[in-house]
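Report on the structure given below.
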Amino acid sequence: MKYLFCLIVISGMLSPTISYSDTEYEDLDGVFIKAVDNYPALKKNEFAIGATFLPFDPYFYGIGISLAYSRYFNKKWGWEVLSGNFLFGIQTPLADEILEETAKAGNPIESEDLEQTEFMVNTNLKYVLSYGKNIFFDKYIRLNRTELLFGLGVIGTSGQIDTGGGSGQTYIAANLGFQLDFSITKTMSWKLEYMNHINLERSGVGNNFLEFGEFKGMLAWRF
């Protein structure tokens with residue numbers, strides 16, 4: 001269900017920009033298109049910067065900045081050597097209700113005692129599922145690439161009701177995600193990603209309801 005929601009969101013976020021092509025315009029059934037002879041995004045190194053959003057935690061919506069460096073070995077395989085997310089939380093209505101009800105009961109807790117995600121550090125393998133191109137508004141060409149990501153990560157949180165004092169926790173997670181890449185030029189592209197970080201330490205103390213589902217929008221530079 002989450003992946004279906006992800007695809008709907010991604011489809012709505014697509015917007016036209018000028019793409020690179022090797023040939024002149026040609027007319028095909030009244031639609032002007034460009035034939036792409038060489039895929040322009042086969043650089044070996046990639047640096048990406050963007051925004052990330054974690055919407056599924058019951059206590060805090062996570063919003064932050066994402067940085068990533070990737071290395072591609074060939075057309076099918078790459079390695080996201082390191083990606084890092086730095087996050088801050090926005091309280092959900094459930095968190096507001098918990099704080100209000102505990103205060104009424106004479107046993108108040110602070111928002112700092114509710115566990116929220118602060119950072120993520122990941123490393124993932126990338127498998128390129130497909131290459132292609134799309135035509136938007138009968139004019140703009142999107143050279144695209146779809147990738148499957150899987151790997152491991154470390155997730156840091158702060159605040160735990162059962163430990164008190166705002167003491168945090170570090171979790172090990174298995175990563176599984178999907179990425180769409182739309183080239184703008186030979187060296188630049190827009191990237192849209194959904195990643196599910198599967199908490200491997202659910203039996204530990206703290207908020208066992210943490211849900212590390214993550215949406216990303218990034219601008220990538222290849223060199």
query: Within the range 109-122, can one find any residue that is at pLDDT 80 or above, farther than 27 Å from Pro55 by Cα and not basic (Lys, Arg)?
result: no
task: State yes or no: is Phe178 touching a helix residue (DSSP H, G or I) at 6+ places or on another chain (Cβ under 8 Å), assigned to a strand (DSSP E or B) and surrounded by fewer than 19 Cβ atoms within 10 Å (Cβ to Cβ)?
output: yes
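Taking only the range 134-175 into account, find how many residues are modelled with pLDDT under 85, assigned to a strand (DSSP E or B) and farther than 20 Å from Gly64 by Cα.
Residues in the range 134-175 being modelled with pLDDT under 85, assigned to a strand (DSSP E or B) and farther than 20 Å from Gly64 by Cα: 7 in total.
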Filtered residues of the range 103-133 (kept if of a type in the set (D, E, K, R) and outside any strand (DSSP E or B)): Lys104, Glu110, Glu112, Asp113, Glu115
task: Might you let me know whether the range 70-90 holds any residue that is over 20 Å from Glu193 (Cβ atoms) and β-branched (Val, Ile, Thr)?
output: yes
- request: Select from the range 105-121 the residues that are surrounded by 15 or more Cβ atoms within 10 Å (Cβ to Cβ) and either over 19 Å from Ser158 (Cβ atoms) or of a type in the set (Ser, Thr, Tyr) (or both) and list them in ascending order.
  value: Ser111, Thr117
- request: Could you tell me whether any residue of the range 26-36 is surrounded by fewer than 17 Cβ atoms within 10 Å (Cβ to Cβ), at pLDDT below 60 and touching an Asp or Glu at 6+ places or on another chain (Cβ under 8 Å)?
  value: yes
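The values are calculated or read from the model by the stated rules, or taken from the named source; none is laboratory data. Source: prediction; values computed, not measured. Cβ atoms come from the backbone with ideal geometry, glycine included; neighbour counts cover every protein chain shown.
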